[in-house]
1. Using a Gaussian network model of chain A with C-alpha springs under 10 Å, which one of A:25, A:60, A:144 is most mobile by mean-square fluctuation?
2. Suppose each label sits 7 Å from its Cα in the direction of the beta carbon; what would the residue B:56-residue B:163 distance come out to in nanometres?
3. Using alpha carbon coordinates only, what is the Rg to Rh ratio of the protein assembly as shown, with Rh defined as the Kirkwood radius?
4. With springs only between Cα atoms under 10 Å, which of A:225, A:242, A:277 fluctuates most in a Gaussian network model of chain A?
5. Only helices at least 30 Å long along their own axis, judged from Cα atoms, and with Kyte-Doolittle mean hydropathy of 1.0 or greater: name those in chain A from DSSP H.
6. Sort segment B:43-324 into rounded, prolate or oblate with this rule: let a ≥ b ≥ c be the square roots of the eigenvalues of the Cα gyration tensor; rounded if a/c is under 1.5, and if a/c is not under 1.5, prolate when a/b is larger than b/c, oblate otherwise.
7. About the Cα centre, and with charges only on the beta carbon of Lys, Arg (+1) and Asp, Glu (-1), how big is the dipole of the protein assembly as shown? Nearest 20 debye, please.
8. So what J values fall out for segment B:45-60 if you push phi through Karplus, 6.51 cos²θ - 1.76 cosθ + 1.60 with θ = phi - 60°, rounded to Hz, Gly and Pro as x?
Amino acid sequence: MINYILRRVVTSVVLMIIISVVTFGVFFMVPKLAGTNPAELYVGKSATPADVAATARKLGLDQPVYVQYGRFVKGIVAGRDFNSGPSKTHCPAPCFGYSFRNDRPVFPLLLDRLPVTISLAIGASIIWLIGGVLAGVISALRRGSILDRSMMILALAGVSLPIYFTGLLAQLIFVHNLHWLPGGEYVNFRDNPIGWASKLLLGWITLALLYAATYARLTRATMLETVSEDYIRTARAKGLRERVVIGKHAMRSVLTPIVTIFGLDIGQLLGGAILTESVFGLPGIGRLSIDAVNTKDLPVVLGVTLFGALFIVVANFVVDLLYAVIDPRVRLA
Amino acid sequence: MTLGPVTSSTDVATPAGEETPTIADGKKIEGRSLGRIAWMRLKRDKLAMAGGGFIIFLILVAILAPLINKVLGHPVNEYHQDKIDPNLGGIPPVGTWGGISKDFLLGVQPVTGRDLFSQIIYGAQTSLLIALLATLLAVVIGIVVGVTAGYYGGWVDSLFSRFMDLILAFPLILFAIALISVLPPTKGFRIAVMVLIIGGFSWPYIGRIVRGQALSLREREFVEAARSVGAGSFRIIFRELLPNLAAPILVYSTLIIPSNILFEAALSFLGVGVPPPTPSWGRLLSDAVDYYEYDPMYMLIPGLAIFVTVLAFNLFGDGLRDALDPKSNR
């Protein structure tokens, strides 16, 4: 088991290094190939060539990519300074870059936004996991019934609905027409729990609908496959109650693919539920990223992307561990 | 997932002079090809056929957009400010339904009064163009990588499989908007970049399926037979493997089109899609964010356009899978 965990840790670290190298490379190579100097993106359009050169020197953009990458990694571990003669800017570890537009290091900016994204992702995932898996199981057990068919058509419609449409629609109906929920700004859980929940509620539901549809389809398909297997027949032949056969024996198989996509999905979401946050005006990590893109705040964009990748890699790692718990065969492999 | 090995035409040809077998009432037993059986199954699936019909309709609309627009619409960027209600701050259109009239079939945009109908049909062009090109790219890369990994196996397989895992582990939308934002926003260039990004991130879905199938097919007797008569890798891949992969490739290509359409719309919604004034459904929706309280139709119409299109592709793809795969769970 320890061997298994260690191997997974190594894989995750390697994966993270590759992703960071690729992301970093793309960010610094692509603008060059397209003929834009990254330093120009930092200083604005009206800057003189001398300003551009000074900025490039301060940020180390005049160095080769591998030197820049080395400094970036060192920054994460030990912090770094941005130097240009008299003005010196310190960025403490873990330094994911320094946002000169906000005049703040990127990492605290990310930490500020993280609770919003976590609130959104956790709330939505609880709804979609329970709803989606339950709907899938019921559908599979009542295969071919009207309930099954209508549930699956609903699920297909669900995966076809973009969140930027359902989100707007939900806001139009429940906030502006019916006034059931407040509009306005996001509030912290600690300041006003009810305000927090009512601001997030529509986001939770619309996001959950989208995912629940996928989970219901997957659960149904896996469940149908599983119940036709020999070991289920054996379990039934032993005279186990149907509830035990489905709930204990079949569910174990059904959960494996669910855990896989759940890990990927939650990892992606924690890295910024960009669309949902944009639609509902939630100041999370995704919102930070899209704002940074609009203001051309490159260090923030890079920081958020790497941070997002980190979440996915960590989520995958957790999934691998959960596998070993759910499916004992994995431990031995 | 496959239809089983495709046999060459000589295998099934009736020897000359032999009577086609008949059953008692004299009716000929019809030999049905696998494709034909699949087609008959598909035809029975009304939802899938409706989806397919809508897809054909939409493709025609996209191709004939300039012609249709001449008859039923107005030039895309022509302002019609007489259609905007000056009493309501010059924002919402005149009339209750977003300015829908026999002159403006889907109403007009708030503030500018541009014809929404023409925006929608030209938006279909943008959406389908990008999604289909991206899918084509994904299919080509997916087949090449998948077949190579599956056929050669060993370290080639591990390498390509890890690579596919890596791509699936990228924070997709974040990466896409970040990348697009550092590139110049000219129209043709942006379309190319979007196709590259959408296709470049969706090919592993095809690649994984193809790899899995190729891995099991290469162990089958007909491949072994081909190898034993001296067929080279090239011939085995193109004449033996690929024909058998056609069905899953077709199904999964159909199923990634809708997600590619959603991806394109999402990028446009976030403001990193095709630059204005080229119409795009996603951008219409993001414009509608500012006005939906006064003019809900302006949000509903592009939203429904995306929804119905994606649903049509999903229904058709699902039906196609069921038709081509008798084992599917239905």
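1. Among A:25, A:60, A:144, the largest GNM mean-square fluctuation belongs to A:144.
2. For residue B:56 paired with residue B:163, the spin-label model returns 3.9 nm.
3. Values: Rg = 27.5 Å, Rh = 27.7 Å.
Result for the protein assembly as shown is an Rg/Rh of 0.99.
4. A:242
5. Numbers: long enough: A:2-33 (45 Å, 1.78); A:106-141 (50 Å, 1.87); A:193-227 (44 Å, 0.82); A:298-326 (42 Å, 2.34).
Both cut-offs are met by A:2-33, A:106-141, A:298-326.
6. Numbers: a/c = 3.17, a/b = 2.16, b/c = 1.47.
The shape class here is prolate.
7. Numbers: 57 positive and 44 negative charges, 298 e Å.
Here the size comes out at about 1440 debye.
8. Karplus-based 3J(HN,Hα) across segment B:45-60 equals 7, 5, 5, 5, 5, 4, x, x, x, 5, 4, 4, 4, 5, 5, 4 Hz.
Any read-out appearing in this document is the output of simple, stated calculations on the displayed coordinates, not a laboratory observation. The shown structure was predicted, so the numbers you read here are calculated from the model rather than taken from an experiment. No Cβ is skipped: glycine too gets one built from the backbone with ideal geometry, and neighbour counts run over all protein chains shown.
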